[in-house]
1. So, residue 217, is that one over 26 Å from residue 362 (Cα atoms), buried (at least 22 other Cβ atoms within 10 Å of the Cβ), at pLDDT 85 or above and in the same structural domain as residue 197 (by TED's automatic domain parsing) or not?
2. Could you look through the range 200-231, keep only residues that are in contact (Cβ under 8 Å) with a residue 40 or more places away in the chain and assigned to a loop (DSSP other than H, G, I, E, B), and pick out the one that is nearest to residue 115 (Cα to Cα)?
3. Hey, does the range 144-159 have a residue that's exposed (fewer than 15 other Cβ atoms within 10 Å of the Cβ), more than 30 Å from residue 317 (Cβ to Cβ) and at pLDDT below 70?
4. Whether any residue in the range 300-309 is touching a strand residue (DSSP E or B) at 6+ places or on another chain (Cβ under 6 Å), over 29 Å from residue 112 (Cβ atoms) and modelled with pLDDT under 90 is what I want to check.
5. Working only within the range 330-357, note down all residues that are within 26 Å of the chain's Cα centre (by Cα) and exposed (fewer than 14 other Cβ atoms within 10 Å of the Cβ).
6. Of the residues 242, 333, 312, only one is at pLDDT 85 or above and within 30 Å of residue 88 (Cα to Cα); which?
């Protein structure tokens, strides 16, 4: 037997040419040179991609373009951002974290920069000087700012505005202090004093079309010195807000997204999308790029949940909603009928349960996940 094994080894080694390692190195080097024009940051890892059979993509910047297109603002019907009410204008002017550099460059979140460009605003070196038309100048001072938090899904500022546009006059200056809040519609909803009718219907309608939707809210605030404002609790500042509209952005696909994902699928690679966006927006995108082709079932918190374990399975149009206990055995028949989308909140509840492995193997979209969960 040992002689037979030795003969087999000799035959195999004689078949493999001694030049093979050198030829492989040349092929890899040629591939790196061909790809150099794409500025790949980790091109040295190309040889290690052979065993890869699952490809995970973020949405923004990978499948969709980084430059968002502002469609408009929606109180009930979509309107141009230049035609919105004064309160909404002030809310947009206050709820931002943009900075103007000495050379005139604006630095900040791409969505906020897109809003600024579409409203024809100018930001001065102080980053808080705005001009609406040739004769209506206004300045704003951010008295306190809560940066966007992924955990809270919102940002908040306390700006003081000065200028004739603040109260709608054409002469003389006036001061006005507001609370301006911008964030996920489902989060802002719980902070409103009065929730408008059709609130859920409207924002979900836009997200089902693949748009990215932010809710705006504000409230009047009496003038205080900075010391008093800094002592206010965030919960008190963000309570009893007035709805100021939805900000609707379109996320155009990258030109080669569909062809690239199809090429990966044809080569037996499983493509998955992981995003921090709304699950309805995420599902629309994966259907557009053909990552999924069946109806999608979404696992997320139910409407008005009692706690974080109060989950449901629901279809995109919500014609089918099934309450579920994450600690109960997973219904595996769902995977035969639906493609699966799961949110970051639902992930926390399913982790370390017996059905977790089956769920991961059958999930195509992860939505509303935090940066830590993406890792």
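1. On the way: over 26 Å from residue 362 (Cα atoms): yes; buried (at least 22 other Cβ atoms within 10 Å of the Cβ): yes; at pLDDT 85 or above: yes; in the same structural domain as residue 197 (by TED's automatic domain parsing): yes.
So residue 217 fits the description; yes.
2. 211
3. No, there is no match, as no residue in the range 144-159 is exposed (fewer than 15 other Cβ atoms within 10 Å of the Cβ), more than 30 Å from residue 317 (Cβ to Cβ) and at pLDDT below 70.
4. Yes, there is a match, as at least one residue in the range 300-309 is touching a strand residue (DSSP E or B) at 6+ places or on another chain (Cβ under 6 Å), over 29 Å from residue 112 (Cβ atoms) and modelled with pLDDT under 90.
5. Of everything in the range 330-357, those that are within 26 Å of the chain's Cα centre (by Cα) and exposed (fewer than 14 other Cβ atoms within 10 Å of the Cβ) turn out to be 351, 357.
6. Working: 333 fails: within 30 Å of residue 88 (Cα to Cα); 312 fails: within 30 Å of residue 88 (Cα to Cα).
On inspection, the qualifying residue turns out to be 242.
The values are calculated or read from the model by the stated rules, or taken from the named source; none is laboratory data. The structure displayed is predicted, hence computed values, not measured ones. All Cβ positions, even for glycine, are placed from backbone atoms using ideal geometry, and neighbour counts span all protein chains on display.
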